[in-house]
Every structure is written in C-alpha cells, then in structure tokens.
1. Take Val66 and tell me if it is open to solvent by 20 Å² or more (accessible area, probe 1.4 Å), at pLDDT 95 or above and closer than 23 Å to Gln213 by Cβ.
2. Go through the range 165-179 and count every residue that is within 16 Å of ligand 2 (Cβ to nearest atom) and crowded, with 22+ Cβ neighbours inside 10 Å.
3. Which helices (runs of 4 or more DSSP H) does the range 295-364 wholly contain that include 2 or more residues that are of a type in the set (Phe, Trp, Tyr)?
4. Considering only residues of the range 69-96 that are surrounded by 21 or more Cβ atoms within 10 Å (Cβ to Cβ) and under 15 Å from Ile18 (Cα atoms), which is nearest to ligand 1 (Cβ to nearest atom)?
5. Considering each of Val130, Val155 in turn, give the residue that is open to solvent by 20 Å² or more (accessible area, probe 1.4 Å) and either away from ligand 1 (no atom under 15 Å from the Cβ) or at pLDDT below 95 (or both).
6. Restricting to the range 88-116, what's the tally of residues that are over 26 Å from Gln210 (Cα atoms), assigned to a loop (DSSP other than H, G, I, E, B) and either touching a Ser or Thr at 6+ places or on another chain (Cβ under 6 Å) or β-branched (Val, Ile, Thr) (or both)?
7. Please determine, by comparing only the residues of the range 132-164 that are among the hydroxyl-bearing types (Ser, Thr, Tyr) and within 16 Å of ligand 2 (Cβ to nearest atom), which one is nearest to Ile225 (Cα to Cα).
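The values are calculated or read from the model by the stated rules, or taken from the named source; none is laboratory data. Values in this document were obtained by computation on a predicted structure and should not be read as measured data. Counting neighbours? That spans all protein chains shown, and the Cβs are built from the backbone with ideal geometry, glycine included. These accessible areas exclude ligands, DNA and RNA; they are computed on the full protein's heavy atoms, side chains included. Shrake-Rupley method; radii C 1.70, N 1.55, O 1.52, S 1.80 Å.
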Amino acid sequence: MSLLLSLIIPTYNESENISPLIIQLTSLLDRTLEQKYEIIIVDDDSPDLTWKIAQDLSDQYPQLKVIRRQGEKGLSTAVMKGWEKAQGEILGVIDADLQHPPESLLQLWSEIEKGADLAVASRHVEGGGVSDWSLLRRFLSRGAQTLGLIILPGVIGRVSDPMSGFFLVRRRCLANSTLNPLGYKILIEVLAKGKIGWISEVGYVFQERQEGQSKVTKQQYIDYIRHLVRLRLSLWRFERFIRFGVVGLSGVFVDMAFLYLLSDSSTLGLPLTRSKIIAAELAIINNFLWNDSWTFRDIAQTQPGKRRKIKRFIKFNLICLAGLILNVLFLNIFYNIFDLNRYVANLGAIAIVTIWNYWLNLKLSWRSTDLDSESRK
Ligand code: GDD
Ligand code: MN
C-alpha cells in the first residue's frame with residue numbers, strides 16, 4: 001500500500017511529550033488518512049530515553065517507526081535522516097513538544113490536497129501568533145528574519161514565517177535537490193534548493209512548552225547565520241562567477257593586445273584614447289561572446305534566436321560601459337583620495353567593477369524568466 005504522508009518528529013529529551021503527541025497525531029491521521037501514513041521519530045540517543053519510550057509505543061501504533069541516531073546530533077540533520085527513510089509522497093515535520101498544535105496538520109494536509117507543493121504553518125498570517133513571548137524573543141525572531149531578508153531576499157521573502165519548523169512538502173519537489181541544512185532551519189533549505197511552485201500558509205499559534213526544555217542555544221543563532229551565508233554562496237553559483245572572472249581576464253588580454261597593435265609607436269601609432277576605446281570595445285565583444293556561449297550558456301539557451309542575442313549584447317555593452325566609467329571613478333578615488341599605488345588602485349577598481357558587471361548582467365542581460373532557476377535569488 002503506497003503511503004501518502006511521512007511525518008518526521010525530531011526528538012531530543014522529550015520523554016514527557018512523546019506519548020501524548022503520538023496519541024493525538026495517530027487519532028487525527030487515522031481519521032483522515034486511514035493507514036496511508038507513517039510517523040518517523042528520529043531521536044539522537046536522548047539521555048532521558050525518549051527513543052526507548054518511542055520504541056515501546058511503536059508496538060501499539062503500527063504507523064510509528066523509530067530511528068535512534070548515536071554519535072550524531074542536530075534537528076535538521078535528524079529530519080534529513082527521517083526523509084531519507086520515508087516512503088510517503090508528502091514529507092512533513094513537526095516538533096515533539098506540542099508547541100506545534102497537531103490539529104493544524106489537517107489544515108496543512110487540505111492545502112496539499114488542493115495542490116500546494118509546500119504548506120507551511122505560520123505564526124505571521126491570519127490566525128497565527130505566539131503565546132506570551134518576551135519582547136527580547138520577539139525581537140530576536142524578527143531580527144533573524146530581517147537578516148535573512150537582507151542576505152537571501154528571494155528565498156526568505158517567499159513565506160511569512162521562514163523560521164517555521166512545521167510544514168508539509170511534496171517529495172517530488174525535492175527530488176533533484178541536494179539538501180544540506182545546518183542547525184534548526186530546514187524550511188529555508190527546502191525553499192532555497194527545492195523546485196517549489198505553489199506555497200500555502202496556514203496560521204497557527206505557537207504554544208508555550210509545557211514539559212521539558214527548549215534546546216535552542218546561542219549556537220543555533222550562529223548556525224543560522226552560517227546557513228544563510230552558505231546558501232548565499234551556493235545559490236550564487238560560484239563556479240559561474242569564476243567563469244565570468246576568467247572571461248574578464250581574457251578581455252584584459254584582448255584589450256591590452258589591441259591597445260598595443262593600435263597605439264604603440266612600433267605598430268599603427270594611433271592616438272591613445274581612440275585606440276583605448278576601440279580596444280575596450282573589442283574586449284567587450286570578446287567577453288560577450290564567451291559569456292553567452294560559456295558562462296551563461298544554460299540561460300542563453302532558453303532565449304534562442306539572433307534578435308534576443310543582440311538584445312543581450314546591447315545590455316551587456318551598456319553595463320560594461322557604465323562599468324568602465326565606474327572603473328575610472330574608483331581608480332581616481334583610490335589613487336587620489338586614498339593615496340594607493342596606481343596599480344593597486346586599478347586592481348581594486350577592476351575587482352569592484354567585475355562584481356558590478358557580474359551581478360547586473362546576471363540580473364539584466366541574462367535574466368532568466370522561468371521560476372525554478374536563478375531569478376529567485
Ligand atoms: N533529533 C534531534 N536532535 N531533535 C532535536 C535536536 C537535536 O539535536 N534539538 C532539538 N530537537 C527537537 C526537539 O526535541 C523538538 O522536538 C524540536 O526539535 C524543536 O526543538 P525546540 O528546542 O523545542 O525548538 P524551539 O521550540 O525553540 O523552536 C522550534 O520552533 C520554532 C518555531 O517554529 C523549532 O522548530 C524552530 O526551528 C522553529 O523556528
Ligand atoms: Mn519547542
């Protein structure tokens with residue numbers, strides 16, 4: 001019998017909470033999904049023997065499976081482990097401490113049934129909220145979200161509660177993605193790496209914990225920032241930036257070669273500025289051709305035809321010309337104001353303009369139109 005839902009519960013020292021939670025969840029899901037679901041508890045060898053209690057419970061509840069990890073620790077990697085073992089079409093996660101109300105699961109499920117790829121339980125939509133949180137905790141939670149919006153706007157901005165640890169997602173949306181979460185925030189990894197189109201949000205009130213302790217420490221906040229930066233770099237597809245840099249270098253070579261062929265007294269000996277403009281333009285053409293056929297090949301292929309290629313070239317040319325002006329501007333600022341050596345100043349200017357050129361060309365010249373590519377960064 002194929003399973004519809006695999007619900008993962010990461011646990012660490014939840015001995016008081018695990019039985020009431022399983023009783024509530026199984027009675028809810030038996031009514032909605034009959035036997036077409038599984039609950040997988042992933043316990044990191046809790047000293048309070050949560051795994052033992054869970055194993056005993058699994059004798060009573062056939063849908064319940066228990067994974068006891070030894071020597072491994074961490075909420076999101078525990079969920080990853082559960083998803084690896086899961087059989088269901090829909091993958092879900094819920095905390096074990098009843099701060100995520102089990103009954104909200106049915107609302108999430110009905111959003112999935114309507115066709116959503118991802119259904120998120122949110123504290124920040126209608127019907128959502130937190131119980132009596134201190135001002136500091138509210139500030140930290142919102143502060144973390146704002147930081148995420150600055151570093152990863154296209155990912156964090158897709159939902160109202162990106163920190164939520166309570167959601168359901170279609171397995172096929174994660175099929176070709178390598179999820180590699182860090183710390184607590186697995187939803188961010190799913191949003192960044194998954195092929196997620198339709199997202200639904202359901203409001204819920206985050207309850208106060210009745211039993212046991214929260215495991216959140218300063219480390220989770222550090223992990224969160226590391227996770228954001230890691231995603232930022234991986235999504236930025238560094239290898240594309242490297243290619244852009246290599247092409248840029250070839251452009252410097254073309255620029256220098258033509259500056260010599262045109263302006264040197266031993267060659268044509270043309271005036272310097274005119275030679276520089278011709279050399280710079282030939283370098284821009286060189287860079288465009290290589291970038292279109294190598295750096296941004298995957299995107300250029302989605303925009304076939306001569307007319308669109310010329311359009312990309314014009315945009316590229318304008319951005320690079322603006323870059324040239326910026327280059328001269330920064331060269332003069334570093335040389336005249338910061339008193340830097342002219343070659344160090346020039347290198348600094350080239351570095352800034354390379355990032356400028358890369359970012360603007362990615363956003364404008366090779367702007368990809370379809371949802372699941374880089375435009376959501
Ligand atoms: N296996 C495993 N390993 N489970 C863990 C670990 C771990 O290292 N650390 C925590 N857990 C389990 C807990 O036992 C609990 O079931 C769940 O993960 C959440 O841990 P809490 O410590 O209760 O987190 P919280 O309540 O402060 O924050 C939760 O809610 C927030 C709001 O939705 C988490 O889900 C956060 O990710 C979420 O932002
Ligand atoms: Mn909790």
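1. yes
2. The qualifying residues number 2.
3. Once the helices (runs of 4 or more DSSP H) in the range 295-364 are filtered for at least 2 residues that are of a type in the set (Phe, Trp, Tyr), what remains is 306-332, 342-360.
4. In this case the residue turns out to be Ala96.
5. Val130
6. 2
7. First, the residues of the range 132-164 that are among the hydroxyl-bearing types (Ser, Thr, Tyr): 134, 141, 146, 160, 164.
So of that shortlist, the ones also within 16 Å of ligand 2 (Cβ to nearest atom) come out as 134, 141, 164.
Details: Ser134: 22, Ser141: 13, Ser164: 16 Å.
So the residue we want is Ser141.
So that you can scan it fast, the table gives a plain yes or no per residue for (1) closer than 20 Å to Arg172 by Cα; (2) touching a strand residue (DSSP E or B) at 6+ places or on another chain (Cβ under 9 Å):
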| site | (1), (2) |
| --- | --- |
| Lys85 | yes, yes |
| Leu91 | yes, yes |
| Trp109 | yes, yes |
| Lys114 | yes, yes |
| Leu118 | yes, yes |
| Glu126 | no, yes |
| Val130 | no, yes |
| Ser134 | no, no |
| Arg138 | no, yes |
